[in-house]
Structure formats: structure tokens, C-alpha cells
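Please read the structure below before turning to the comments.
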Amino acid sequence: MDDVKYRQNLKKKIEKLKKERNAVIIVHNYQRDEIQDIADISGDSLALSQAAVRADAKVIVFCGVDFMAESASILNPNKIVLLPVKEAGCPMADMVTVERLRDKKKEHPDAAIVCYVNSSATIKAESDICCTSSNAIQVVKSLKDYKEIIFIPDKNLGRYVQANVPDKKIILWEGFCPTHIRVSKEEILDAKKLHPDVLVLAHPECNPDVLFVSDHICSTAGMFKFAKASKAKSFIIATESGMLYGLKKANPDKDFYVPTERLVCPTMKLTTLGWVAHSLENMEHQIKITGEIKEKAYKSLARMLKVSGEKSGAAISGV
Ligand code: 13P
Ligand code: SF4
């Protein structure tokens, strides 16, 4: 069987299983092209958390990485959340441990802990509030009673927040995204020379010198919004290369380039059509967070959703 036929068959199988299981497929913007094609809902981390709250299906198949599926489960304790590939993790999320975070809190007892959603449920449970790349500034500004913020785990996002919220002291954590730090300022400048009149859109997980030479800094959903509204015809995209597929599809009259081929997140690419079909067929891998961790992590996530204007009572009760 050729590759096209094989994929068509898998898509049909997924469609059938989805109906039988009463499932919805939620897909992050960095996923493979063929996974984006089967998405019921796609978006950035914030949009996907909000979508998980609103989903009325029984089963959520989360095509992304594990911290995203964990958040979906925490916000939807009565639904079955499936992560098609168990090993799809986020290395940045593993750069913080509860013990080290507690030590940091002892050093800064008056600081609030703001936790990027790229973190485990245990770390979310230790934190005061979560944030994503699209609402980090808004979340930190919302903490009116705090002058000091321990921002975990991404130091680049933390620095970006500091630059935008100068009246608070951001205590940085030594975490980073191994994919986003691969792009250099020189590569951005070289790409700009190749494509005149181009605008550079960068994710705040990139290094500060890359952000400095960029025209607009935003989350992956922010890139969609910006590219659609902009009069510019071509863009350099300084984030994971999976973004190009969706951006080109949504803006067929515009051009999008990555500054380097190295902008690939290996764990985001683990999910394939075969694994999605397998996941629905075998109801694997079920992600369930329970007990005290779930209760506390729920509060941190729900506080964030409240700051972002999420109206759904399902998510924001009791915070
Ligand atoms: P977004 O929230 O912008 O989609 O980013 C998620 C992520 O993992 C970035 O590396
Ligand atoms: Fe984690 Fe970076 Fe991959 Fe995003 S791109 S999931 S931060 S490793």
C-alpha cells in the first residue's frame, strides 16, 4: 500500500473510532502536518486549556506533550484524557523539582510562584498561579499584592516578562527550551537579508538577543493572529517549524520561513496518525491526576484562566 492510501485508511479509522468513543481531537500548533489535518480544535497552550474546559465529548485525545494532557485532565476530572505517545514530554518541564522550588521559596518567602504551564502537575500544585506564553505578562501584572515573583521554569520567558513588568522583581529559574535556544541572532539576520521586507515573529522562549532583533514577540496563537492582520507578505517564524504548515494554510497569499532547520521539537513530533488510531482503539495512554496534587494544580490553572477571562464555571469554580 502506498503512503497516501495508508494515511487515508488511518484517517478513516480515526474518524470511525472518534464517533464510537465520543472523542474530540485537540492538537497543538507544533504537531505534524497530518495530525493538524485531523484536529477538531488546534491552538496554543492557552487556547487548548480553554478548549479542554469547554469540550463536551467523553474522551479528549491530546496531540501535544504530556503537561498539556495533564492540564486537560486536571480541568476535566470526569473525562478520559488520552496522550497517544507516553514518551511525548517536554524537557523544559523536567528542569524544575519540588525540592529545589521549595528551597527557592525559602530564600524568597514573600514572592509569588508563577509557573509556566510547561511544567508537571506536581510543580503546578506548588505554585500560586500558572501562565502561558500568551498571558504571562497579564498574569504577573494581576498579582497586585506581590512585588517579587519566582518565575519557573523558562528563564527566557521570565526575562521577557521582566522587561514588560519593570515594577516587579522577577526571580528567574535556570530552565530553557532546548528547541527554541537553537536559533541564533545571526541566523535571523541572515534570513532577513535573504527576504527583504520580511517581519520576524518570535516566541518568547527564544534567547533575548533573538527577541531583540524580532518585530513581534508572541505565543503560537499570537503568530496566527499577527500574520492574518498584518499587511506584510512574508514572515520569518522563530519558533518550532510545525507552525509553518498551519500558517501557510491560513494565509495562502503570504510566505513563511524558518530561520534554521534545527527548530524541531522531537517530542512534539512523536505523535503520528498510527499512534492516534492506536490510542483511540486501546484507550491509551490515560492521563489522570488525582488527590491533593490535582486539587492544588487545578487552583493554579483555574486562577490563570480567570485572569485570561475564561467564563466557563466548570473551570473556575472554587479559586
Ligand atoms: P504556545 O503556548 O505558544 O503554544 O507554546 C507552547 C510551547 O510548548 C512552546 O514551546
Ligand atoms: Fe517543550 Fe520546547 Fe518542545 Fe515546547 S518546543 S514542548 S517548550 S521542548
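Below, the figures for the structure above:
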item: Charge sum, other residues only, whose C-beta stays under 13 Å from Val117's C-beta, Lys/Arg counted +1 and Asp/Glu -1; result: -3
item: For region 63-187: relative contact order, % (alpha-carbon pairs under 8 angstrom, 6 or more apart); result: 22
item: HN-Hα J in Hz across region 73-80 - Karplus 6.51, -1.76, 1.60, θ = phi - 60°, x for Gly and Pro; result: 5, 4, 7, 10, x, 8, 10, 8
item: Vicinal HN-Hα couplings computed from phi for region 160-165 (Karplus, 6.51 cos²θ - 1.76 cosθ + 1.60; Hz; Gly/Pro x); result: 5, 5, 4, 5, 9, 10
item: Cut-off under 5 Å, modelled amide H: who pairs with Asp255 long-range; result: Ser234, Phe235
item: Residues of the chain: accessible area per residue with a 1.4 Å probe, Å²; result: 45
item: Sorted largest first, extent of region 212-319 alpha carbons per principal axis (Å); result: 49, 37, 25
item: Mean Cβ neighbour count within 10 Å, used as a protection proxy, ranking 120-128, 57-65 highest first; result: 57-65, 120-128
item: Rounded Å value of the spacing that divides the Cα centres of region 46-60 and region 100-152; result: 24
item: Accessible area (Å², 1.4 Å probe, nearest 10) - Ser214; result: 20
item: Semi-axis lengths (Å, descending) of the ellipsoid that matches the C-alpha gyration tensor of the chain; result: 29, 28, 16
item: Residues with amide H under 5 Å from that of Cys131, placed H, sequence gap 5 or more; result: Cys115, Tyr116, Val117
item: Under 5 Å, built H, 5+ apart or other chain: amide partners of His285; result: Leu83
item: Using θ = phi - 60° and Karplus 6.51 cos²θ - 1.76 cosθ + 1.60, couplings along region 251-266 (whole Hz; Gly, Pro as x); result: 9, x, 8, 10, 10, 10, 10, 9, x, 8, 6, 7, 7, 10, 8, x
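The values are calculated or read from the model by the stated rules, or taken from the named source; none is laboratory data. From a predicted model like this one, the values you see are computed outputs, not experimental measurements. Glycine also receives a Cβ, built like all others from the backbone with ideal geometry; neighbour counts cover every protein chain displayed. The accessibility values were calculated without ligands, DNA or RNA, using every heavy atom of the protein model including side chains. Shrake-Rupley method; radii C 1.70, N 1.55, O 1.52, S 1.80 Å.
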